[in-house]
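To keep things clear, I will list the structure first and then write my remarks on it.
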Amino acid sequence: MNPISTLLEEGPVLGDGGYLIELERRGYVDSGSGREKVGTGKGSGQFTPEVAIENPDALRELHLEFLRAGSQVLQALTFFGTREKLNRAGYGAQTEKINHAAVRLAKEVAGERALVAGSVSRTQLLEREGMGALEKARDHIAEQVRLLKDAGVDLLILETFFHLAEMRVALECSAESGLPTIATMSFRPLITRCTDGHTPAECAKRMAEQGAIAVGANCEQEPNRMLPLLRGMRAVVNVPIAAQPAAFRTTDDCHCFTRQPAFPDDLETIQVSRREFVDFGKAARSEGIGYIGGCCGCNPAYIRALARGLQNAK
Ligand SMILES: [Zn+2]
């Protein structure tokens, strides 16, 4: 059995938190603030991972902090690391270099103490150009998956996909690589359906059918808002549920933080306390969550909170 499946069997597995928002706060990542409104299709390279080559020490330090907090899996910072997205930030020519450096840093910190996951997310091509861009997206995702495999990741985490269609393409690419894969969708503006109209349960079923070893949701909502959708997924699959919620408060009308007026410059005003993550950690076992971590807004304090919750539940 591969190492991540073994861990999941012992479960729940503690993942890590969100890198880009935390490194943006520390001054090492460009939020694109003022130049691009998310989803408009204009602008540059907001929240891209060039920090891996521009300021590797900053990234190394954050990996180390997550490891010390108890993370059993470190995600290489390859989120938004397809050539498509990096091109818009002016880093397209360094796609190989950025992906390889990110994996190398994570492996260096992890050593024998944690597994390293390659993070693969949506290309943003579907939001910009429509469903006709799906094959172009496939080429970019396939390229990144090959780079991550070459760099020696233990597993892949496919995350923050808004369209199930693009997730399915990514799962085809990951199947080709032979790497064990965790797959999580993101839901906005409401948790009831993804952007191409599928319920969380439908998404979970399709992702599991395509071979994901754990399925679930990440980003966009805080733990309490995400829980109902995770339960919907849990009811229809036999694989473990994976959850990496954001640490930002959403509203009954809008279940996603990236469409709150506070995004991206006033996020501190909607920050959720780490106490909610202690409770989420406590609930992981009874809620049947097999992989638990955090996404945007979750710094190492939040992962320590999750770890404490998991321990208290035992
Ligand atoms: Zn996130």
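The values are calculated or read from the model by the stated rules, or taken from the named source; none is laboratory data. Everything quoted here is computed from the prediction, not taken from an experiment. Neighbour counts are summed over all protein chains in view; Cβ atoms, including those assigned to glycine, are modelled from backbone coordinates with ideal geometry. Areas reflect the complete protein model, heavy atoms only, side chains present, ligands, DNA and RNA absent. Shrake-Rupley method; radii C 1.70, N 1.55, O 1.52, S 1.80 Å.
Worth pointing out:
- Residue match in the range 214-225 (condition: over 19 Å from the mean Cα position of the chain (by Cα) and more than 16 Å from the ligand (Cβ to nearest atom)): no
For every residue, the table says whether it meets (1) surrounded by fewer than 22 Cβ atoms within 10 Å (Cβ to Cβ); (2) farther than 28 Å from Arg274 by Cβ; (3) within 16 Å of the ligand (Cβ to nearest atom).
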site: Met185; (1), (2), (3): no, no, yes
site: Arg188; (1), (2), (3): yes, no, yes
site: Thr199; (1), (2), (3): yes, yes, no
site: Leu229; (1), (2), (3): no, no, yes
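- Residue tally, condition assigned to a loop (DSSP other than H, G, I, E, B) and over 24 Å from Asn2 (Cα atoms), over the range 145-166: 2
- As a summary of the residue check, Ala313 satisfies the conditions (1) surrounded by fewer than 22 Cβ atoms within 10 Å (Cβ to Cβ); (2) in contact with a helix residue (DSSP H, G or I) (Cβ under 6 Å, 6 or more places away or on another chain); (3) touching a residue at least 60 places away in the same chain (Cβ under 8 Å) except for the one numbered (3).
- Glu202 vs. criteria under 19 Å from Cys296 (Cα atoms) and not in a loop (DSSP other than H, G, I, E, B): no
- Residue in the range 250-263 that is crowded, with 24+ Cβ neighbours inside 10 Å and in contact (Cβ under 8 Å) with a residue 24 or more places away in the chain present: yes
- Within the set Glu276, Glu268, the sole residue that is open to solvent by 30 Å² or more (accessible area, probe 1.4 Å) and either touching a Phe, Trp or Tyr at 6+ places or on another chain (Cβ under 8 Å) or part of a helix (DSSP H, G or I) (or both) turns out to be Glu268.
- Matching residues, the range 167-190, being within 21 Å of Glu220 (Cα to Cα), in a helix (DSSP H, G or I) and out of contact with any Cys (no Cβ under 9 Å at 6 or more places or on another chain): Arg168, Ala170
- Failed item, numbered, when Glu127 is tested on (1) part of a helix (DSSP H, G or I); (2) open to solvent by 30 Å² or more (accessible area, probe 1.4 Å); (3) at pLDDT 95 or above: (3)
- Out of Pro264, Pro240, sole residue that is closer than 23 Å to Ser119 by Cα and in contact with a strand residue (DSSP E or B) (Cβ under 8 Å, 6 or more places away or on another chain): Pro240
- For the range 201-219, a tally of residues being over 15 Å from Glu172 (Cα atoms), touching a helix residue (DSSP H, G or I) at 6+ places or on another chain (Cβ under 7 Å) and open to solvent by 10 Å² or more (accessible area, probe 1.4 Å) returns 1.
Residue by residue, here is whether (1) without any contact (Cβ under 8 Å) to a residue 24 or more places away in the chain; (2) more than 19 Å from the chain's Cα centre (by Cα); (3) more than 12 Å from Glu84 (Cα to Cα) holds:
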{"site": "Leu115", "(1), (2), (3)": "no, no, yes"}
{"site": "Arg122", "(1), (2), (3)": "no, no, no"}
{"site": "Leu126", "(1), (2), (3)": "no, no, no"}
{"site": "Met131", "(1), (2), (3)": "no, yes, yes"}
{"site": "Arg146", "(1), (2), (3)": "no, no, yes"}
{"site": "Leu155", "(1), (2), (3)": "no, no, yes"}
{"site": "Ala165", "(1), (2), (3)": "no, no, yes"}
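- Verdict on Glu135 being surrounded by fewer than 21 Cβ atoms within 10 Å (Cβ to Cβ) and either in contact with a helix residue (DSSP H, G or I) (Cβ under 8 Å, 6 or more places away or on another chain) or modelled with pLDDT of 95 or more (or both): yes
- Number of the condition not met by Arg193 [criteria: (1) surrounded by 19 or more Cβ atoms within 10 Å (Cβ to Cβ); (2) outside any helix (DSSP H, G or I)]: (1)
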